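Below: the structure, in structure tokens.
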Amino acid sequence: MMNKLIMIFTLLLSSLANASDTLPYYNDEAFTPKWLTPDSPELNNFHKIPEFSFTDQNGDTITQDTLQDKIYVAGFFFSTCPGICPSVRSKLKKVQAAFFDDSRVKIVQHSIRPTTDTTEVLQNYAAENEIVNEKWHLLTGDKAKIYNLAKSAYFASEDLGNIQNTNDFLHTESLLLIDQNRHIRGIYNGLNSASVDYLIADIRTLQNEM
């Protein structure tokens, strides 16, 4: 019930944002929207996605430098997931198609089973699922670092406000929109087509800030 309510709330926020040509900022796991202007002094100490270094399906090292001045959609998955991952992937392919020729927009998915999701496995997964390597990075690396980033930076284990009582990280259908300054600007349900449509619209709104 909480997931549905927050999804509706998120869609309402996106609708209001599109009407006013601006998006909120998110600073913590409560996902309380903060309506700030891009030049607000408050952003100097606002939450940002920190530096990281992982390897993608091409064997390339992906860091925040790779994503400098980019807008990206962040999420979590594993290649053998039989449940939510295929559905989220199908929705993300809509994002890939919408911004296929726009190098300013990327998709970044972190594997939560990096010990089995090797570069070779991810390369095959990308080929089998028509994932464009230059657009969509499938990241693997140190499990502890991925889990720490998921929990402390993306607040992914909170699952849109539905806190999970576990020390492990359960992957989520949530997708996060990260702006060119590494701020979280939106949270979306990757299983819901309408939510992902709002994500696409919100990416276009962010592009107007660049």
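The values are calculated or read from the model by the stated rules, or taken from the named source; none is laboratory data. What you see is a predicted model, and the numbers here were worked out from it, not measured in a lab. Neighbour counts are summed over all protein chains in view; Cβ atoms, including those assigned to glycine, are modelled from backbone coordinates with ideal geometry. We work out accessible area using only protein heavy atoms, side chains counted, and drop any ligands, DNA or RNA first. Shrake-Rupley method; radii C 1.70, N 1.55, O 1.52, S 1.80 Å.
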Which one is surrounded by the most Cβ atoms within 10 Å (Cβ to Cβ), of the residues in segment 112-123 that are among the polar types (S, T, N, Q) and free of Cβ contacts under 8 Å to residues at least 40 places away in the same chain? THR118
Looking at segment 157-180, is at least one residue open to solvent by 10 Å² or more (accessible area, probe 1.4 Å) and at pLDDT 95 or above? yes
Mind listing whichever residues of segment 32-63 are small (Gly, Ala, Ser) and in contact with a strand residue (DSSP E or B) (Cβ under 8 Å, 6 or more places away or on another chain)? SER53
Testing GLN109 on (1) open to solvent by less than 80 Å² (accessible area, probe 1.4 Å); (2) among the polar types (S, T, N, Q); (3) assigned to a helix (DSSP H, G or I); (4) touching a residue at least 12 places away in the same chain (Cβ under 8 Å), one condition comes back false. Which one is that? (3)
The lone condition PHE100 fails out of (1) among the aromatic types (Phe, Trp, Tyr); (2) open to solvent by less than 40 Å² (accessible area, probe 1.4 Å); (3) part of a loop (DSSP other than H, G, I, E, B); (4) modelled with pLDDT of 95 or more is (2)
For segment 61-88: of the residues being in a loop (DSSP other than H, G, I, E, B) and hydroxyl-bearing (Ser, Thr, Tyr), which is surrounded by the most Cβ atoms within 10 Å (Cβ to Cβ)? SER79
